[in-house]
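Inspection log for the structure reproduced underneath, given as structure tokens.
Just so it is clear, none of the values below were taken in a lab; they were calculated from the coordinates. Everything quoted here is computed from the prediction, not taken from an experiment. A quick note on method: Cβ atoms are made from the backbone with ideal geometry, for glycine too, and the neighbour counts reach across all protein chains shown.
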Amino acid sequence: MDAVLELAASLLSFAHSIFGPGICPGDWVWATSTAGALIALLPVLGTVTVALVRKVTGNTLNAVTISVFGAIGLLTAFLFPWLLFGGIGGVYRSVFTGDGEVTLSAAETRSFGEEHCWVGQQASYLGGRANGYEVLFHSFESWPMLLLRIGMLVVVPALCLLFVMLQARAALRRGPKWPSRLFWLPFVVLILLVLPIEANTVSHLWAGFLPISVLGLIPVYVIGPPSWSVVERSYQKPDAGPPAHHQPSQHQPQPAHQGARQHPPTQVQRQPQQMSAQQRQVPPPVQPPVPQGPVGPRKPPPYVPPPPVPKYVPEADATTRVTGDKPFVPPALKSPTLRAPEPEGALAADPGPLPFTPRGATPPPPIKPLGSRFRKVRVLGQGGFGSVWLAVDTQLDRTVAVKMAHAPDVETEERMLREGRALAAVHHPNCVRVYDIVSEPDGLGLVMEYIEGQPLADRVTSGGALDDVAVARLWITMAGALSAAHAKGVLHRDVKPSNVIIDPDGNAHLIDFGIARSKGDSTLTATGMMVGTPDFLASETAAGANATPASDAWQLAATVSYALTGKPPRGNRENAMAALMAAAKAEPLTELPQRSAHRRLLLAALDPEPGRRPTLAAVSRELSDWLAREGHTETGPVTQIVRRQDIEGEDRTRPVR
């Protein structure tokens, strides 16, 4: 205890030397408030330390990080301040009683006896009056004085608690907020445990503590949150090695479109029994059993090329397509063996029935028109690369959307084949599905799923801006659709409100991958031709850089901002060239929502620097946490349910791009 008194006496002497003017209410009263300001630096130091640690650890919350944060909060928000508060009170009691436990200089001791305004002698005022507990719960003063006591001993500490809480939450930005309790809960205990100290001393300590608590937010915000890449890294699980279904023997074929989640290792072992009769005509070579370890095979068997299949019978598989006079066999069906993993940047999986071959292989024969298969109903939209028709498939008796090229040529056909590959590789309930590529008398046509609904742009124009809950669901849904496309190496490159369709149940669908391209595909537009909509174009792509998943994420955030405001984030321009120049120059965003709960996340997602933007996965997590805190679920309509008669009665002829 003597050490605590000596430390408190040293702190008081230092505070007296910094600011202790001999004016009312007295030099030691001013020094007490200055000492409170110095003590307030401790929680600031703690939150700054947490912010710096999170720059490296991100959102990694394990036993080590939680223990470190808890220790920092306990020491800086409770233990050290409590010891110093109590030590300062002990110093003043020692000076008042003259017991000699605390040693101060003669000049300092002499000034304690000076009288100032209503205070009187400072030694009696600071060390010989009632404590905080007595003046609050055993009131013996007048009502005006009691209200002043309540303000200084309850309201001011409560304000200090508020700003300490804000400091902790600022240090935990882009992460869970519950660790902030490790700071403000100890601070609540501090407020309660300092009441036995003299009321005047505690009041002046809190008076000096408050302004530093407010200013303490500045260094925490200057340090800033961890980068989104660090946040994402903290959510990634360590690689436990390749799963068992990547190491089958050559007599265990799997269709290329089946994922790992559909085939656990036990199912892979039974795969030979699921082979077609045609594939079982070729007896596989016998392989020795693979020794099993505690987690799976210890060493994969060596790869042995399979024997060639002597004959392929078209009737054995429903995916055979007639191209010309000979049956076309998709590459995935030419061999019952598993293909080697495709290199990064290639198309992730064969779409199946689409007539295409991988780059570098011999292309299949051209599709020959066999007569019209589709009965056109009405035009749904039109753009630079074709018209979209609502049509009826007369063979399968279903309603589809057929995108026909205006003037079929080699470039247009290659573009539509690429669009078919991109769309067929993406499987997500909120992405438009592609069914086929056909050759009609009017040209090459892409057969897609017909999504009955209303574009988000029309919904906002007619019904007004969406609320925060609907926008959160919309953002999560579209982020999932784009993530599924990016996982297949497909970029959309034209995410905008008119390419988001709201179906009659209020669900959102991402359409028109017409300018999508897989990684590695060359740009098929003419030199200098703009790709994308300028009002919703990321600054880096407008300036000529290659599109990336981050640019798709920017366009999605711009679409979400439009859903909240009814305007593009950069505002409306008089023409497309002015909008393109504004995008290329990364002009400030002037039309962001002001009162939305998602404004902070929108500012991050619309950052001009791609590396500083949150990933789609991080956005989804932030929005999921927000919905959970607000008591809402992620599922549900993103808008009110659209009436079917409203959809059927509107003019649906509009440009696709």
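Here are the numbers:
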item	result
Amide H contacts under 5 Å for residue 571, placed H, 5+ residues apart	590, 591
Cut-off under 5 Å, modelled amide H: who pairs with residue 131 long-range	199
The stretch 126-211: C-alpha gyration tensor shape, a/c 1.5 cut-off, then a/b vs b/c	prolate
Euclidean distance of C-alpha centroids, the stretch 538-572 and the stretch 141-203, integer Å	43
Overall Cα dimensions of the stretch 35-139 - principal axes, largest extent first, Å	56, 36, 26
Assigned charges on the beta-carbon of Lys, Arg, Asp, Glu; the stretch 2-225 dipole about Cα centre (debye)	1360
Prolate/oblate/rounded label for the stretch 444-498 (Cα gyration tensor, a/c 1.5)	oblate
Volume per residue that the Cα convex hull of the stretch 2-225 spans, once the total is divided by residue count, Å³	123
Proximal charge balance of residue 597 [Cβ under 12 Å; K/R count +1, D/E count -1]	-1
J(HN,Hα) series, the stretch 454-469, from Karplus relation 6.51 cos²θ - 1.76 cosθ + 1.60, nearest Hz, glycine and proline x	10, x, 4, 4, 5, 5, 5, 5, 8, x, x, 5, 7, 7, 5, 5
Residues with amide H under 5 Å from that of residue 431, placed H, sequence gap 5 or more	510
Charge sum, other residues only, whose C-beta stays under 14 Å from residue 4's C-beta, Lys/Arg counted +1 and Asp/Glu -1	-2
Ascending count of other beta-carbon atoms within 10 Å, so fewest first, for 160, 24	24, 160
Rg/Rg_globular for the stretch 526-609, with Rg_globular taken as 2.2 N^0.38 Å and Rg from C-alpha atoms	1.03
